[in-house]
Each structure stands twice: as C-alpha cells, then as structure tokens.
Amino acid sequence: MADKRSEYVSSVASSEALQLYNEAVELFVNHKGSFIDLVKRAVEIENDFILARCLLGCMLCDVYSVPNPTEVKMHLDVVNECYPKANDREKLHIQTFREASLGHIKKATEILDQITMRYPQDFHAVKLSFLYYKSTGEFIRMRNILSRAVTHCPKEDPLYPHLLSQYAFSLEETNERQYAEELCRESLTLQPINPWASHTMAHIIEETKDPQKGVDFLCSTQEDWNKTPYAFHLLWHLSLYYLDLGQSDKVLDVFDAKMVPLLSKSSPVFYLVDLASLLWRLNLLNIDPDEKRWQVILDTYRSKIGVFSHSWVNAHLMMSLCYGKVTADTARLALANQVIQSMEVYSKESVSSDCSVADLLGVPVCNALLAYGQEKYDEVLSLMLPLRYDFIKFGGSWAQRQVFELTIIMAAIKANDLSQALALIIELKSQKPHNKMLESLYRRVLDESRLRIGVKTLNGTAAIET
Ligand SMILES: [Fe+2]
C-alpha cells in the first residue's frame, strides 16, 4: 500500500493501520504529542506491520528508554520473520533495528543515512536518525540528513516547519548560529505552535544573546509550548537563563513551582538530566539548593541506578548522588560506587558502540563527579581536563554539556589553580559572550589572581629591598 505523503510503498494490508502509523510519524516529527500508543494500535491491527514494529523497536533502543530486552526481542522476532517478504526500504529499516538492538547505534545511523538518501521523505528514518545522532553527538551528520529532508519536503506540507526547526537545531549545534536563527524564525512564522522551534530558539539565545532575551522569549511564548511534551525541557532552559543572570531564587522558583509538579515515578529519564544538571550547577556555584530538592530527584530516579548503561544518563545520576559533601554519607557513596562499577563492567564487556564512550568519558567523568563531592579537586582536574574536547561524544547539546566545563572551572578555583581557572573561564566565555554569571566569575577570579600576583610582587620587592 502506498503512503499518501510520499507514495513510498509499505507491505501493509490495512489502510487503518497505515493511517495510524502515518499519524504517529507526524507526531514523532512535530513533537505535539505522544506517538507510541498510535504505533502500538497500528501493530494491534496488523501484527506484521514492519515499519511500525521497527519504529517501536528502535525507540526502545534510544538512550533515554528503560532497557526492555523482552519487548525488543518480540518486535525483532516479528520483523525477522517478515524479512523475506519486505521491500527494499523495509529491509533497510529491519537492518537498522537489528543494529540498534545490539547497541550498534553508529551502524544503525549509517543505514538510516542510506534510507534517507534513497527515500528523503521517509520522515520516520529522518527523525530516528535525528534522535540517534543527538545521543552520539554527530551533529554534522544530523545536519546533512535534515538539509536533505527540508529540501525534499514541500513547503506546504504541515511537517515542513518542524523539519526546518530540526535542521536549525543541527546548524546551531554545528556553530552556524546566524543561519540557524534565520531558519528558526521562518519555522516559527510558518507554525508558532512548534515545540522544537521554540527549543532551538532557546539554544540560539543561550549561546549568542543576553540571557534576559531568553527569559523574555520563553515567557512571551509560553502558551505555544507549555502544553507540549517539550514543556519540561523548556522550563530547564528558562531556569538556565535565570542562573546566567545570577537570579538563583528564580531558578529555584521554576524548579519548585513548575518542574517538580510535572514529576511522577514514570517521568522520562531526560527529566533527570535536566533536574540534576540544574541543581549541580547551583552546587558548583556554592548555592545550596537544599537537600530536599536533591531527594526529589533521587526519589524519582533511584530505581534507575545500575539500569542504564549510557554515559550521559549515568553522569547525571552521579550528580544527584555526589552533591554537597558526599564523604560522610555512606548510603550515597555506596550508590555512587554502584553506578561507577556498572559503567566499568559495561565499558569492558559490552559490544555496543556506546561502550567506547563509557570507557573514554563515562567512567572518568563519573569518577570526577565523585571526587568533586569528596572535595578532591586536583583529582577532578586530572580526570576531566584532558577530556574537555571529547565532551561532544556525550551527545546532548552545547548548553547541556557546558555543565562539565563549569565543573572543571570550579574544581580549578577550589584547587586554587587560578590561572587554569581563568583560562577555562575565558574559553567558555568566548562561546557565551553575553553570559552574566560567567562574566562575574571571570571578574572575581581575575581580581583574585591579580591580588595574588600583587602579593608575590610585594614579597619580591621586599626581598630586593632586603
Ligand atoms: Fe535543549
């Protein structure tokens, strides 16, 4: 049966199942609601629906999904059975799913790249590659796939503004921020209710403009995004602007009044990343966010300790275990060591493409976060400083990964290595020239360094006089 939008053929018999799948792919791309239930209904109608099975299976292999090998196997068994009757496009989707199910996300993205070259309007493949590239940090590859999708998508297609905003995000992450802003504005003009465009604009402002402009943008457009699945993450961006303005009371207001009420035991894991990274930034800046706020995070995500293998998720779990002074808290120390041990085993024994990231980044960064909580700042520096050009392999975004750069800066300050701290602040400040928190940190460390140089000079002068 041919798809209405692209005319690509799927070996599906039920028009109702195909309709549900198409609606799901639209929601997958436009971020306006949950699409998984629609795909599940499509599979209930037609058990052998290859593309729907592959989409469900590949989503279970995403870094933020709770590992569920039984469900992955169930989908895999069906599509493997269907392989001989599948058409060429479906065969490539099955191969993608097979690789993803083994943790070979890089190989999966290579096949998705082939699919999108041959079938540029296969938005299932486009969006899946977008998600996977976001977890591997391969933003140039993401940009290339999105550039083709946008070029091939008719401007009158309702998905066009959403694909445009994802293309703009990839441009933002590859430092093409002026062009990214141009496309993002076009996307928002075409479709104001456009969660990913609001999100991309939040990133562009974060890196290039005064944080107050970010507050103004998100507050004035709140109606456009606050009921979408991206509301939580955009609240994180709003808090970040307040932090960058030095308004920590407002950061905590957003945390308490807007983010925490959205939490439940079934909250997605990307909420953990936002919550932990926000409180960890406060912790780094010696603004105590209060133990009970950390407890909210731990109460929600304690069951995920030892469950996830992905370095990105585990690094944020570690933050929620290593805040304040962790040395005397034996319960937290034990959990932190459990995370590190599970990552060490994973980095040595796994065959997934992510295990090399666990070896390169995950294990040392988690050890560094623990060292920070134990006030071993020299150890933090020796572990993290050589890695700062590799943080991109964590995936995420510049804004998210900057928490690690800030960790190194604050460790250097606390280790009394002010020249190193100053050098690192200048590096980060050059990426965020309007950031007021960094500017004030820079002034503080610069003044302190001058004071110390002054003391040395005075000592030197005294020595000469003597
Ligand atoms: Fe973001």
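Bear in mind these aren't lab numbers, they're just calculated from the coordinates by the rules spelled out. Since this is a predicted model, take the numbers as computed values, not measurements. Every residue, glycine as well, gets a Cβ built from its backbone with ideal geometry; the counts of neighbours run over all protein chains shown.
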- Quick one: check the C-alpha center-to-center distance for segment 200-267 versus segment 35-101, whole angstrom. 35 Å
- State log₁₀ I(q)/I(0) for segment 228-466 at q = 0.14 Å⁻¹ as given by the Debye formula over alpha-carbon point scatterers of equal weight, solvent excluded. -0.91
- Note on the structure: Restricting to lysines and to Cα separations under 27 Å from Lys106, and discarding same-chain partners fewer than 8 apart, the set is Lys40, Lys73, Lys85, Lys91, Lys127, Lys134, Lys304, Lys348, Lys393
- Among the trypsin sites (Lys or Arg not before Pro) within segment 230-303, which fall in a DSSP loop and have no more than 15 other Cβ atoms within 10 Å of their own Cβ? Lys265
- Task: Kindly give Rg over Rh for the chain, based on alpha-carbon atoms, with the Kirkwood expression for the hydrodynamic radius.
- Result: 1.01
- Only loop residues by DSSP count here, and only those with at most 11 other Cβ atoms within 10 Å; note down the GluC sites (Glu not before Pro) in segment 107-200 that meet that. Glu156
- Task: Compute the semi-axes of the equivalent ellipsoid of segment 172-243, taking the square root of 5 times each eigenvalue of the Cα gyration tensor, and list them largest first in whole Å.
- Result: 17, 16, 10
